[in-house]
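What follows is a single structure, written as structure tokens, with notes after it.
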Amino acid sequence: MNTTNLTTFVTVMHTGSISGAAEKLFITQPAVSKRIKNLEDEFNITLFDTVGRGIVPTQAASEMLPHAKRWLDDYENFKINLQHSQHIVSGKLVIGTSHHIGLHHLAPVLKHFIQAYPAVQLEVHFVDSETAHKAVLDGDLSLAFLTLPPVYDKRLTYHTLWSDPLYFMTGTLSPLATKANVTLEQLARYPAILPSANTFTSQITLAEFAKHNLKPYATMSTNPLESIRMLVSVGLGWSVLPQTLVSQDLERINMADNIELQRYLGVVINPKLTRSSSVTALLDLLAPID
């Protein structure tokens with residue numbers, strides 16, 4: 001907002017002359033006259049009549065003066081409050097998280113955050129990692145906690161927070177539960193329950209099989225790992241699951257060469273978005289993020 005013209009007008013009214021305003025504002029008299037003319041053109045009015053060598057305010061000028069003062073005061077107060085708010089952790093913060101991270105990793109972080117910054121209105125969206133990733137890229141989310149993709153997008157910034165190895169798991173009654181030294185080729189003959197092929201977690205699994213020119217025999221697909229864990233536990237197939245979902249009704253498959261998959265969980269940020277004080281505060285809780 002350009003308040004220069006209004007400030008010049010108020011100064012002319014207070015000093016009673018163009019020359020007085022120019023001296024007080026440390027500018028030339030033609031510059032003062034130009035700013036007054038800009039206001040007159042904007043509102044299509046005459047603010048000052050020239051009488052002899054002096055000027056006389058018109059009725060329009062007298063009516064404008066209290067409004068101009070109030071506008072300038074409001075503007076200054078708004079500017080001060082806005083600058084102050086940049087240092088106060090408050091306002092609305094919208095973040096995204098995958099279901100798995102939200103349920104198994106994020107609760108302590110968010111609990112600490114809302115206790116430390118009660119003025120923040122925190123809104124959490126539970127979405128698939130891939131959806132959250134795109135939402136951050138599009139600027140719809142301030143940040144998101146997700147399974148980090150196998151290949152990073154150069155337009156985004158990633159920070160690893162948790163290492164989350166994946167284990168080949170099956171139901172306790174499955175033939176795979178007692179079989180030793182299972183190879184990927186053997187495993188590919190058994191029914192598998194995996195997330196959709198476009199998910200980051202599934203891409204990690206498929207890439208391991210692809211190294212050996214193999215493809216899992218996927219008979220069922222569902223994205224939430226909690227749902228996959230249940231289906232595996234009742235004997236409908238094998239899958240890869242993180243340690244947080246390993247339970248007594250599951251058995252770890254004895255893989256040949258101790259094959260183990262690795263994924264990483266973390267936070268993704270769009271560096272083109274200006275960080276609010278609340279985003280900075282949340283990231284500070286996840287130190288050593290810069």
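The values are calculated or read from the model by the stated rules, or taken from the named source; none is laboratory data. Everything numeric here is computed off the predicted structure, so don't read it as measured data. Cβ coordinates were reconstructed from backbone atoms using ideal geometry, including for glycine residues, and neighbour counts include every protein chain displayed. Quick note on the areas: whole protein, heavy atoms, side chains included, nothing else; ligands and nucleic acids left out. Shrake-Rupley method; radii C 1.70, N 1.55, O 1.52, S 1.80 Å.
The trypsin sites (Lys or Arg not before Pro) found in the range 257-288 that occupy coil by DSSP, while having at most 10 further C-beta atoms within 10 Å, are Lys272. Averaging over all projection directions, the Cα-based convex hull of the range 1-147 occupies 13.2 nm² in the image plane.
Entry note, the range 16-168: relative contact order of 16 percent, from Cα contacts under 8 Å with a spacing of 6+ residues. For the range 1-106, trypsin sites (Lys or Arg not before Pro) meeting the loop criterion (DSSP other than H, G, I, E, B) and having at most 16 other Cβ atoms within 10 Å: Arg53.
Given the alternatives [x] 108, 39, 28; [y] 59, 43, 37; [z] 74, 55, 36, Cα extents along the principal axes in Å as computed for this entry is given by [x].
For the chain, what is the calculated [θ] at 222 nm in deg cm²/dmol (nearest 500), taking -39500 (n - 2.57) for each run of four or more DSSP H residues and dividing by its residue count? Computed mean residue ellipticity for the chain: -12500 deg cm²/dmol.
Contact order, relative form, for the range 5-82: 27 percent (alpha carbon pairs under 8 Å, 6 or more residues apart, mean separation divided by residue count). How many Lys pairs in the range 1-134 lie less than 27 angstrom apart by Cα atoms, where the lysines are 8 or more positions apart or on different chains? Here the count comes out as 13. Site pair Ser90 and Lys111 shows an inter-label distance of 2.8 nm when each label is modelled 7 Å from Cα along Cα→Cβ. Considering only beta bridges that DSSP places wholly inside the range 1-140, some 35 percent are antiparallel. Computed over protein heavy atoms with a 1.4 Å probe, the accessible surface of the chain works out to 56 Å² per residue. Taking all Cα pairs closer than 8 Å and separated by 6 or more residues, the relative contact order of the chain comes to 21 percent.
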